[in-house]
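The values are calculated or read from the model by the stated rules, or taken from the named source; none is laboratory data. Quick caveat, the model's predicted, so the values are computed rather than measured. Cβ atoms come from the backbone with ideal geometry, glycine included; neighbour counts cover every protein chain shown. All accessible areas refer to the heavy atoms of the entire protein, side chains included, with ligands and DNA or RNA removed. Shrake-Rupley method; radii C 1.70, N 1.55, O 1.52, S 1.80 Å.
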Amino acid sequence: MSQSVGDGRNGSGPALISWNVTSHCNLRCAHCYLDAGDSGRNPELTTSEAKMLIDQVTRVGSPVMILSGGEPLLRGDLFEIAEYGTSRGLRMVLGTNGTLIDDRTAVRLGEAGIRKAAISLDSADPGVHDRFRGVRGAWSRAVTGIEACREAGIGLQIHTTVTLQNYQELDAITALGENLGVHDFQFFFLVPTGRGKDVTDISPERYETLIRGILQLRADRGLAIRPTCAPQYVRIASEMGLPVAKGERGCIAGIRYCRIDPTGEVTPCPYLPLSLGNIRTTSFAEIWNGSEVFTNLRSGEALTGKCGRCEYRSTCGGCRARAYGLTEVVSHACGGAVQRSGGDYLAQDPWCLYEPGKKVR
């Protein structure tokens, strides 16, 4: 996620929270970080606990609250949750695959206070999208959902996951979105977590080329187009002579952004599965202000490798989730056996090609 941010210290609250309200889903997307599906998992937050979470969040700020999943519309109390968050002064938005949105549902979302719907669309080709999402007809129903939200006056954003199957059609996806009345796009790059570990990713070289292409597409089209999970875009925009908002930072995980999972666990972002506490037992304020991981993420001094010595450290920060997902902490037990544990979230971003000290002036 990218956003103009502060440093996350001195009690400043999050600007953005992604809340996976459920792990249930009607699709079977190849890259799902939550490994969502139709089977039940650990007990999800009840309606009363969901409202308790919202109350806790409002004690530290008034962030944008993204109701996501799984597929959030599979939660029967979603409209009640959205309405309650709105009444407490939060800007409530929806992250959805769009397949369950018809005209009536879109109107109900608007009445509940949903300000914007971010709908996944991974190709201008229905077949490519459906294969990636695992269900035939997903593309056409997503388009129907976009049209229904537009008619209901709900703001729209298209989310696209960049893969080997669609990286050549980002322009076509943008054109399709424009034809559907959408002017806000986020292109997400894969992070190896959940089912995404099994997806063959693009190369680091192509990653950098695509970031440049997305930034040029934004400049040429005059639309709100952002590369996401690609913090290097701040450095690349500077190299291309393109404007970047004052205070904008590539990776804001743990700084002005976090994720809450269906059971109430707080993590720095959806792709960085480090549980920092559960709102059922520890207040959100205590987790947000007291977590050592959050403290480390807010301090550029904690980064290691070339990220730690990079002149773009404070504006890019590298992808902490990709560093975690593509590194391992290796230790040697008694007798010489090798033990492997989770990755190093403070390590250098392994997908970044930039060498510190080569800043274009």
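Things to note:
- Taken over the range 166-188, the residue count meeting the criterion of being open to solvent by less than 10 Å² (accessible area, probe 1.4 Å) and either modelled with pLDDT under 95 or not in a helix (DSSP H, G or I) (or both) is 4.
- Residues that are part of a loop (DSSP other than H, G, I, E, B), more than 20 Å from the chain's Cα centre (by Cα) and within 17 Å of Ile17 (Cα to Cα), drawn from the range 283-304: Ser283, Ser291
- Residue selected from the range 54-72 under the condition open to solvent by 10 Å² or more (accessible area, probe 1.4 Å) and among the β-branched types (Val, Ile, Thr), by the criterion nearest to Thr263 (Cα to Cα): Ile66
- In the range 109-138, the residues that are touching a helix residue (DSSP H, G or I) at 6+ places or on another chain (Cβ under 6 Å), more than 13 Å from Gln165 (Cα to Cα) and surrounded by fewer than 17 Cβ atoms within 10 Å (Cβ to Cβ): Arg136
- Top-ranked residue of the range 309-361 - restricted to ones that are exposed (fewer than 10 other Cβ atoms within 10 Å of the Cβ) and at pLDDT 80 or above, ranked as nearest to Pro273 (Cα to Cα): Glu355
- Selection within the range 132-154 - part of a helix (DSSP H, G or I), of a type outside the set (Ser, Thr, Tyr) and over 18 Å from Leu170 (Cβ atoms): Ala138, Arg141, Gly145, Glu147, Ala148, Cys149, Arg150, Glu151
- Subset of the range 234-243 [surrounded by 16 or more Cβ atoms within 10 Å (Cβ to Cβ), free of Cβ contacts under 8 Å to residues at least 40 places away in the same chain and small (Gly, Ala, Ser)]: Ala237
Residues checked against (1) closer than 21 Å to Tyr345 by Cβ; (2) of a type outside the set (Val, Ile, Thr); (3) open to solvent by 50 Å² or more (accessible area, probe 1.4 Å); (4) in contact with a Gly (Cβ under 9 Å, 6 or more places away or on another chain):
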position	(1), (2), (3), (4)
Arg206	no, yes, yes, no
Leu223	no, yes, no, yes
Thr228	yes, no, no, no
Gln232	yes, yes, no, yes
Glu286	yes, yes, yes, yes
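- When Ile214 is tested against (1) outside any helix (DSSP H, G or I); (2) under 23 Å from Cys32 (Cβ atoms); (3) in contact with a strand residue (DSSP E or B) (Cβ under 6 Å, 6 or more places away or on another chain), exactly one condition is not met: (1).
- Boolean, Gly247 is surrounded by fewer than 14 Cβ atoms within 10 Å (Cβ to Cβ) and closer than 23 Å to Pro356 by Cβ: yes
- Residues within the range 226-252 that are of a type in the set (A, V, I, L, M, F, W, C), closer than 30 Å to Thr295 by Cα and outside any helix (DSSP H, G or I), tallied: 6
- Failed condition for Asn42, given (1) closer than 28 Å to Thr160 by Cβ; (2) part of a loop (DSSP other than H, G, I, E, B); (3) open to solvent by 40 Å² or more (accessible area, probe 1.4 Å): (1)
Results for (1) in a strand (DSSP E or B); (2) modelled with pLDDT of 95 or more; (3) out of contact with any Asp or Glu (no Cβ under 9 Å at 6 or more places or on another chain), shown as yes or no for each residue.
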position: Glu83; (1), (2), (3): no, yes, no
position: Thr99; (1), (2), (3): no, yes, no
position: Gly110; (1), (2), (3): no, yes, yes
position: Ala124; (1), (2), (3): no, yes, no
position: Leu156; (1), (2), (3): yes, yes, no
position: Thr161; (1), (2), (3): yes, no, no
position: Leu164; (1), (2), (3): no, no, no
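- Cβ separations smaller than 7 Å between residues 6+ apart or across chains give the following pairs from the range 23-39 residues that are at pLDDT 90 or above and in a strand (DSSP E or B) to residues that are open to solvent by 50 Å² or more (accessible area, probe 1.4 Å) and hydrophobic (A, V, I, L, M, F, W, C): His24/Leu74.
- Within the range 253-269, the set of residues being assigned to a strand (DSSP E or B) and of a type outside the set (Asp, Glu) comprises Ala253, Tyr257, Cys258, Arg259, Ile260, Val266, Thr267, Cys269.
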